[in-house]
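The values are calculated or read from the model by the stated rules, or taken from the named source; none is laboratory data. Predicted, not measured: the structure shown is a model, and the values here were computed from it. In this analysis, Cβ positions are derived from the backbone assuming ideal geometry, glycine residues included, and neighbour counts consider all displayed protein chains.
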Amino acid sequence: MISQFLRKFKPAYEAYNLLKRDQLVHNLPKYKKYGIEKNYYSSISSKDFVGLDSPLNIHDRLNSRDTLPKVAAFKKLAVQRQEELLSWSENGYVILKGFFSPERVKQINKEVEHLDESKKAQWVGNKMMFAIHYSDIMLRAGADPELMKIIDLLMGKEMELFQSINFLTGSEQRTHSDSVHMSTFPYGNIIAAWIALESTTHQNGPLHYYPGSHKLPYIVNSDYDNTGSNYFLGDKDYSVYEDKIASVLDEHHFERKLLFAESGDVLLWHSNLLHGGEPHHDKTLTRKSLVTHYYAQDAICFHEITQRPTLKRKLILPK
């Protein structure tokens, strides 16, 4: 009961944040830029940006089919990659076929086994969180130079790796948007990568997604009465948010697609693309994957549901 109270009591985590200044000061210059009077440790959420203009990134304003071919870095990509990226603005995702070689995938899977056996990385349910903090192999995968070039191209700005999540099985998560978990102001300054570490089928729980849904308005706490107060978080269960997303989809007619990926394929998706995980019908099968998220360096970074500023640990890329 006490722990539940403390999780909802904003001053409790603000006190914790006082000790994390080095991981939170990244927001201070951006607060100043947008005229927001906040301490680095303070609670922050979408309600702090009401009335402020949220500039769109280039490929949310313009069509990537028109803009990307004019960019020098795009012209240097292989023709296959160029063709894969052009539909970003329209669909809110791209699929990079065979991006990671079989040897690279094998190395990553072996490293996950090592991290598990050595207890270096922690499992939270079926997720191994932040393996990039404990493994050069995982960090090199998430910050792969060619992958970062493509991510920067799609976002039209410099991005930085924030976190990694390893899955041994599919998430089976209901449809959602990443933007309510890892949030930014201006909105839309997160991009995610899902790396297939083995093939997906109907039996092992493929991803589902809704092309074009990234163009919908962002769903924030106030949209499902979860704003809370100055001292407490909102009291709504996460399922209420998922129900809200379901109701939004009922109002529109987006095509639902399943991703049947091959090992080494990479799915990149917009922060507001609605997506989730299909049922895992054959529980004897795994569905190994690595998910990485990237923040824009020029955006305020926070977590809408928990109304917390984002803790960023400095990542030092191996030579």
Can you pull out the residues in the stretch 246-268 that are closer than 20 Å to Asp178 by Cβ and in contact with a helix residue (DSSP H, G or I) (Cβ under 6 Å, 6 or more places away or on another chain)? Phe254
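For the stretch 240-253, check the following and say yes or no: at least one residue is at pLDDT 95 or above and within 14 Å of the chain's Cα centre (by Cα).
Step one: of the stretch 240-253, the residues at pLDDT 95 or above are 240-252.
Within this subset, residues satisfying the condition of being within 14 Å of the chain's Cα centre (by Cα) are none.
No, the stretch 240-253 has no match at all.
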Determine whether the stretch 27-48 contains at least one residue that is over 22 Å from the mean Cα position of the chain (by Cα), among the polar types (S, T, N, Q), assigned to a loop (DSSP other than H, G, I, E, B) and surrounded by 18 or more Cβ atoms within 10 Å (Cβ to Cβ). yes
Only one residue in Leu52, Leu18 is exposed (fewer than 13 other Cβ atoms within 10 Å of the Cβ), among the aliphatic types (A, V, I, L, M), in contact with a strand residue (DSSP E or B) (Cβ under 9 Å, 6 or more places away or on another chain) and touching a residue at least 12 places away in the same chain (Cβ under 8 Å), so which one is that? Leu52
Return the pair list, or none, for Cβ contacts closer than 6 Å from residues in the stretch 245-268 that are of a type in the set (D, E, K, R) to residues that are loosely packed, with under 15 Cβ neighbours inside 10 Å, at least 6 apart or on different chains. Asp265/Lys97
Listed by first then second residue, the pairs whose first member lies in the stretch 171-186 and is more than 17 Å from Asp223 (Cβ to Cβ) and of a type in the set (A, V, I, L, M), whose partner is in a strand (DSSP E or B) and modelled with pLDDT of 95 or more, with beta carbons under 6 Å and at least 6 positions apart or on separate chains, are Met182/Ile190; Met182/His293
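How many residues are surrounded by fewer than 19 Cβ atoms within 10 Å (Cβ to Cβ) and not aromatic (Phe, Trp, Tyr) if we restrict to the stretch 177-221? Step through it out loud before you land on a result.
Just the residues of the stretch 177-221 that are surrounded by fewer than 19 Cβ atoms within 10 Å (Cβ to Cβ), to begin with: 181, 198-199, 201-203, 208, 211-212, 215, 217-218.
Those left that are additionally not aromatic (Phe, Trp, Tyr): 181, 198-199, 201-203, 208, 211-212, 215, 217.
Residues that pass the stated criteria total 11.
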Using the structure shown, decide if Pro69 is under 15 Å from Asp265 (Cβ atoms) and loosely packed, with under 13 Cβ neighbours inside 10 Å. no
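Kindly evaluate Met155 against the criterion of being surrounded by fewer than 20 Cβ atoms within 10 Å (Cβ to Cβ) and either closer than 20 Å to Thr184 by Cβ or among the aromatic types (Phe, Trp, Tyr) (or both).
Numbers: surrounded by fewer than 20 Cβ atoms within 10 Å (Cβ to Cβ): no; either closer than 20 Å to Thr184 by Cβ or among the aromatic types (Phe, Trp, Tyr) (or both): yes.
Considered against the rule, which asks whether it is surrounded by fewer than 20 Cβ atoms within 10 Å (Cβ to Cβ) and either closer than 20 Å to Thr184 by Cβ or among the aromatic types (Phe, Trp, Tyr) (or both), Met155 comes out as no.
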Odd one out for Thr184 among (1) assigned to a loop (DSSP other than H, G, I, E, B); (2) of a type in the set (Ser, Thr, Tyr); (3) in contact with a strand residue (DSSP E or B) (Cβ under 8 Å, 6 or more places away or on another chain): (1)
Can you name the residue in the stretch 94-124 that is over 19 Å from Ser199 (Cβ atoms) and of a type outside the set (A, V, I, L, M, F, W, C) and, of all such residues, is modelled with the lowest pLDDT? Gln122
For the list (1) assigned to a helix (DSSP H, G or I); (2) in contact with a Phe, Trp or Tyr (Cβ under 7 Å, 6 or more places away or on another chain), I need the number of the one condition that Glu113 fails. (2)
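Against the definition (modelled with pLDDT of 95 or more, farther than 26 Å from Ile58 by Cβ and aromatic (Phe, Trp, Tyr)), how does Tyr295 come out, yes or no? Steps first, please.
Details: modelled with pLDDT of 95 or more: yes; farther than 26 Å from Ile58 by Cβ: no; aromatic (Phe, Trp, Tyr): yes.
Considered against the rule, which asks whether it is modelled with pLDDT of 95 or more, farther than 26 Å from Ile58 by Cβ and aromatic (Phe, Trp, Tyr), Tyr295 comes out as no.
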Which of the residues belonging to the stretch 220-276 are basic (Lys, Arg) and over 27 Å from Asn57 (Cα atoms)? Lys236
Within the stretch 269-289, can one find any residue that is touching a residue at least 12 places away in the same chain (Cβ under 8 Å), more than 17 Å from Asp178 (Cβ to Cβ), among the small types (Gly, Ala, Ser) and buried (at least 18 other Cβ atoms within 10 Å of the Cβ)? no
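Do we have Glu117 as surrounded by fewer than 15 Cβ atoms within 10 Å (Cβ to Cβ) and more than 27 Å from Gln82 (Cβ to Cβ) here?
On the way: surrounded by fewer than 15 Cβ atoms within 10 Å (Cβ to Cβ): yes; more than 27 Å from Gln82 (Cβ to Cβ): yes.
When the stated conditions are applied, Glu117 passes them.
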